[in-house]
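One structure below.
The values are calculated or read from the model by the stated rules, or taken from the named source; none is laboratory data. Bear in mind that the values here come from a model prediction, so they are computed numbers and not experimental data. All Cβ positions, even for glycine, are placed from backbone atoms using ideal geometry, and neighbour counts span all protein chains on display.
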Amino acid sequence: MNGLFKHALVYCLAVLLTSLCVHGQTGFDRGAYPMHVVFDTDFGPDYDDVGAITLLHGFADSGYVDILATMGSSAHKNAAAAIDVFNTYFGRSTIPIGVVRGPAVGLGDKQHWTDSIIRRYPHQIQSNQEAEDALVLYRKILSIQPDQSVTIISVGFLTNLANLLQSPGDQYSPWNGEELVKRKVRLLVSMAGRFPSGTEFNLAQDPGASIKVMTSWPTPILFSGFEIGQKIKTGLPLIANEQIRKSPVKDVFTLCIPLNIQDSAGRMSWDETAVFVAIKGWQHFYDIQTGHCSVESNGSNQWDSAGKNQAHLVEKIPPEKMQEIINVWLQHQPLPGKSP
Ligand SMILES: [Ca+2]
């Protein structure tokens, strides 16, 4: 082997290895299927959470996801019962439901979509008090999972996650919350923030919790920011689909879309995008920008591209294409024989 060829070979191998390392060490890739997922939602004010939980169950029906628990980060009186309606509708009434305890945001839904579905669809849990304490449930669930195996998808306030970080060891695990998360969680995917800077609802409603999570969360965080879901309007094909009957998903979108002129082309799909990239991966749909999200005491946020452990989505395919994809998943119905 002559010297020139040898040098070229070494160079090519070095480039290949570097490329493999960079690709494999981002920390923002999806987990192996079926992914172990905890879903944390502010069921109450907006109804894109209904779209998000529909995608989650659709992915579970396709074998991509094992849903470990569904958590409410809102103290809205209907949070637990409304989550239970959707878990039950999709044939998973046994999924544990936790709801935030202590100081928490409790914004209601002015369209009364939660009241509406609670009246019309089966569910076991009638009040938040009947649900588990979200913090206790987080610790119980995480403690028994394999290390580095859990993906948390948060589409609401970060109150439960801040409470988890600040928790001491208990009967489920000797580790404090930060250590427990570090050992058991592989990735947090969060619909939160506005990038590169601005004010966004989920971060701004509980700024103390947002600051705690941004500064102390020990695993990678992938954000779907306000600017991503804002351009994706979904729900019109769902409410026009006459094949879908007696569906709480269709009922919520049918009730809410006409109540807001902003929704006339469909509801903006913030929460659905977080579930989608968490489960399907971002690579074919978005680029990412790595860095760090910092939150001010007034709830506003800004991006510092110097960080490495956080990333936010950057648009790649046209929002209209993502809209088509999410619209299909929104029309997912329970597998035959599963809905009560
Ligand atoms: Ca939400």
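For the reader, a short list of remarks on this structure follows.
- Cross-chain or 6+ apart pairs with Cβ under 6 Å, the stretch 194-206 first and within 11 Å of the ligand (Cβ to nearest atom), then of a type in the set (Phe, Trp, Tyr) and part of a loop (DSSP other than H, G, I, E, B): Asn202/Phe157; Gln205/Phe157
- Put simply, of Phe157, Phe226 the only residue that is aromatic (Phe, Trp, Tyr), surrounded by 24 or more Cβ atoms within 10 Å (Cβ to Cβ), within 15 Å of the ligand (Cβ to nearest atom) and touching a residue at least 24 places away in the same chain (Cβ under 8 Å) is Phe157.
- Within the stretch 305-322, residues that are without any contact (Cβ under 8 Å) to a residue 40 or more places away in the chain reach partners that are aliphatic (A, V, I, L, M) with beta carbons closer than 8 Å, at six or more positions or on different chains, in the pairs Val314/Ile288.
- Selection count, the stretch 303-340, where residues are farther than 24 Å from Ser269 by Cβ and not small (Gly, Ala, Ser): 6
- Of all residues making up the stretch 166-199, the number that are closer than 20 Å to Gly27 by Cα, part of a strand (DSSP E or B) and of a type outside the set (S, T, N, Q): 6
- Number of the condition not met by Ile261 [criteria: (1) under 30 Å from Lys110 (Cα atoms); (2) in contact with a strand residue (DSSP E or B) (Cβ under 9 Å, 6 or more places away or on another chain)]: (2)
- If you go through the stretch 21-71 and keep only what is among the aromatic types (Phe, Trp, Tyr) and in contact with a Phe, Trp or Tyr (Cβ under 6 Å, 6 or more places away or on another chain), you end up with Tyr33, Tyr47, Tyr64.
- Number of the condition not met by Gly108 [criteria: (1) within 16 Å of the ligand (Cβ to nearest atom); (2) touching a strand residue (DSSP E or B) at 6+ places or on another chain (Cβ under 9 Å)]: (2)
- Residue count, the stretch 203-227 (criterion: among the β-branched types (Val, Ile, Thr) and under 14 Å from the mean Cα position of the chain (by Cα)): 1
- Any hit, the stretch 275-284, residues being in a loop (DSSP other than H, G, I, E, B) and within 16 Å of the ligand (Cβ to nearest atom): no
Here is a yes/no grid of residues against (1) charged (D, E, K, R); (2) surrounded by 22 or more Cβ atoms within 10 Å (Cβ to Cβ); (3) more than 21 Å from the chain's Cα centre (by Cα):
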{"position": "Arg92", "(1), (2), (3)": "yes, no, no"}
{"position": "Trp113", "(1), (2), (3)": "no, yes, no"}
{"position": "Val136", "(1), (2), (3)": "no, no, no"}
{"position": "Lys140", "(1), (2), (3)": "yes, no, no"}
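- Residues in the stretch 29-50 that are within 9 Å of the ligand (Cβ to nearest atom), assigned to a strand (DSSP E or B) and among the acidic types (Asp, Glu): 0 in all.
- Between Ser116, Ser154, the distinction of being over 17 Å from Ala82 (Cβ atoms), polar (S, T, N, Q) and in contact with an Asp or Glu (Cβ under 9 Å, 6 or more places away or on another chain) belongs to Ser154 only.
- In the set (1) basic (Lys, Arg); (2) without any contact (Cβ under 8 Å) to a residue 60 or more places away in the chain; (3) in contact with a helix residue (DSSP H, G or I) (Cβ under 6 Å, 6 or more places away or on another chain), Lys246 fails one condition alone, (3).
- Spans of helices (runs of 4 or more DSSP H) in the stretch 54-165 with at least 1 residues aromatic (Phe, Trp, Tyr) and at negative phi: 79-89, 113-120, 134-143
- Within the stretch 258-274, the residues that satisfy the criterion of being crowded, with 16+ Cβ neighbours inside 10 Å and either in a helix (DSSP H, G or I) or more than 16 Å from the ligand (Cβ to nearest atom) (or both) are Asp263, Gly266, Trp270, Asp271, Glu272, Thr273, Ala274.
- Of the listed requirements (1) touching a His at 6+ places or on another chain (Cβ under 8 Å); (2) at pLDDT below 95, Lys338 misses just one: (1).
- Residue in the stretch 281-292 that is within 20 Å of Asp49 (Cα to Cα) and either surrounded by fewer than 16 Cβ atoms within 10 Å (Cβ to Cβ) or of a type outside the set (Gly, Ala, Ser) (or both) present: yes
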